[in-house]
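The values are calculated or read from the model by the stated rules, or taken from the named source; none is laboratory data. Everything numeric here is computed off the predicted structure, so don't read it as measured data. Backbone-built Cβ (ideal geometry, glycine too); neighbour counts: all protein chains shown.
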Amino acid sequence: MLQKYFRVIVGTMVLLSVVLTNYVSQYFIWFTVFIGVNLIQSAFTKWCLLEKILIKLGVKGEGASCSSC
């Protein structure tokens, strides 16, 4: 379940950042870059802030969501 929530949240954030870049300001592209860098960082360090937040909110899951995406 943790992986499902993780993927939905990250996918929504990416789509939102693309829409904001297109309709509000080109500088919202940095939000997309931040998301990508965070995903790459979590692949190497096996640490993900979103995963920690979801666990504190009570989302149950098997294993780490960020490192297995």
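Is it the case, given these coordinates, that PHE28 is surrounded by 15 or more Cβ atoms within 10 Å (Cβ to Cβ), modelled with pLDDT of 95 or more and either part of a helix (DSSP H, G or I) or among the β-branched types (Val, Ile, Thr) (or both)? When the stated conditions are applied, PHE28 passes them. Screening ASN22 with (1) at pLDDT below 95; (2) in contact with a Phe, Trp or Tyr (Cβ under 9 Å, 6 or more places away or on another chain); (3) not in a loop (DSSP other than H, G, I, E, B) gives one miss only, at (1). Can you spot a residue in segment 4-19 that is at pLDDT 90 or above and in a loop (DSSP other than H, G, I, E, B)? No, the conditions are met nowhere in segment 4-19. Hey, does segment 38-51 have a residue that's assigned to a helix (DSSP H, G or I), buried (at least 16 other Cβ atoms within 10 Å of the Cβ), of a type in the set (A, V, I, L, M, F, W, C) and in contact (Cβ under 8 Å) with a residue 60 or more places away in the chain? No, the conditions are met nowhere in segment 38-51.
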